[in-house]
1. Can you tell me how much longer the chain between Arg88 and Asp11 gets when fully stretched, taken as 0.36 nm per residue apart minus their C-alpha distance, in nm with one decimal?
2. From the backbone phi of segment 201-217, what are the Karplus-calculated ³J(HN,Hα) couplings (6.51 cos²θ - 1.76 cosθ + 1.60, θ = phi - 60°) in whole Hz, Gly and Pro given as x?
3. Which distance in nm do the two modelled labels at Glu61 and Arg132 give, with both placed 7 Å along the Cα-to-Cβ direction?
4. Return Tyr188, Tyr92 ranked ascending by Cβ neighbour count within 10 Å, so the fewest neighbours appear first.
5. Label Leu19 and Ala163 with points 7 Å out from Cα along Cα→Cβ: what is the distance between them in nm?
6. Quickly rank 3-10, 64-71 as a protection proxy: mean count of other C-beta atoms within 10 Å, highest first.
7. What number comes out for the charge environment of Pro206, summing +1 per Lys or Arg and -1 per Asp or Glu over other residues with Cβ under 9 Å away?
8. What nm value, rounded to one decimal, do you get for the distance between Ala116 and Ser3 when each label is placed 7 Å out toward the C-beta?
Amino acid sequence: MTSQLDKAARDLASAMAGLDLKGRIAHIEAAVPGRLVFTTSLGIEDQALTHAVAMHKGRTEIVTLDTGRLYPEAYDTWTETESAYGIRIRAYAPEREAEERFVAESGINGFRHSVAARQACCGFRKVEPLGRALAGAAGWLTGLRAGQSANRADTPLAEADPARGLIKINPLADWSRADVERFVLENYVPYNVLHDRGFPSIGCAPCTRAIRVGEDERAGRWWWEQASKKECGLHVQTSDLHAPDETVAPGQEAAAFETTRHANTLEMAR
Ligand code: SF4
């Protein structure tokens, strides 16, 4: 089964390499039988992909994970996108009981207490709903790019995801940030205004800040943590989820957060 998935992913990646984005979407829909799901975070890469999927008018489902902690600007982008393309983006929300339990035990922003708490929050707000969104899917489309961070440098156009039993497809894997911005501007694609305010990558509001000159694109995500831990669990191997971080002392992240927040406030006041 795994070798079949591997081969199918390799064949797909090879075929996609010579195509433009429109051709890639058409080829994916022709080559991958079964349910196709595109999970959008409403960030600029995903907006480019939403444009291509919506314009193709095929069978790829567009869904998003509504964590309940997004920036208001993300909801504006969501609304504007549905209106621009005449589509509905299906939302998957956290299970109510899991959210209530976490907030009762850890506090509303308890994800800052430790890496494990942060991973637990991402777990019930993102990873569990993602599992429901991808149930029964044969292909999972994402807006990942190799250039987004060191963690994503090896992102291929398509790869087997044996844990989920599907092919993970990254049609923008070989695009640069400039390619994405050019595509969005040339095609009048709606995008989140925070991208014009120093946010190359936009996640939940309490866990995303603008970046400084010279920082990598995902430096503003969970900025109080080590760079190697900056994934929410959606795009890491299942075995890496909830792994305790033994190099960070309890309470250290909260102190680092307070220091950085103070620095940012001063920067904004200048
Ligand atoms: S990004 Fe922050 S608020 Fe959002 S799910 Fe992860 S820890 Fe929770």
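Taken together, the values in this text are just the output of simple stated rules run on the coordinates, not laboratory data. Bear in mind that the values here come from a model prediction, so they are computed numbers and not experimental data. Every residue, glycine among them, receives a Cβ derived from its backbone with ideal geometry; neighbour counts consider all protein chains shown.
1. In short, 24.6 nm is gained.
2. Computed from phi, the couplings for segment 201-217 are 10, 10, x, 5, 4, x, 10, 9, 10, 5, 9, 9, 4, x, 7, 6, 4 Hz.
3. Simple spin-label model gives 1.2 nm for this pair.
4. So the residues, fewest neighbours to most, are Tyr188, Tyr92.
5. 2.8 nm
6. Output ranking for 3-10, 64-71: 64-71, 3-10.
7. That works out to +2.
8. Between Ala116 and Ser3, the label points sit 4.1 nm apart.
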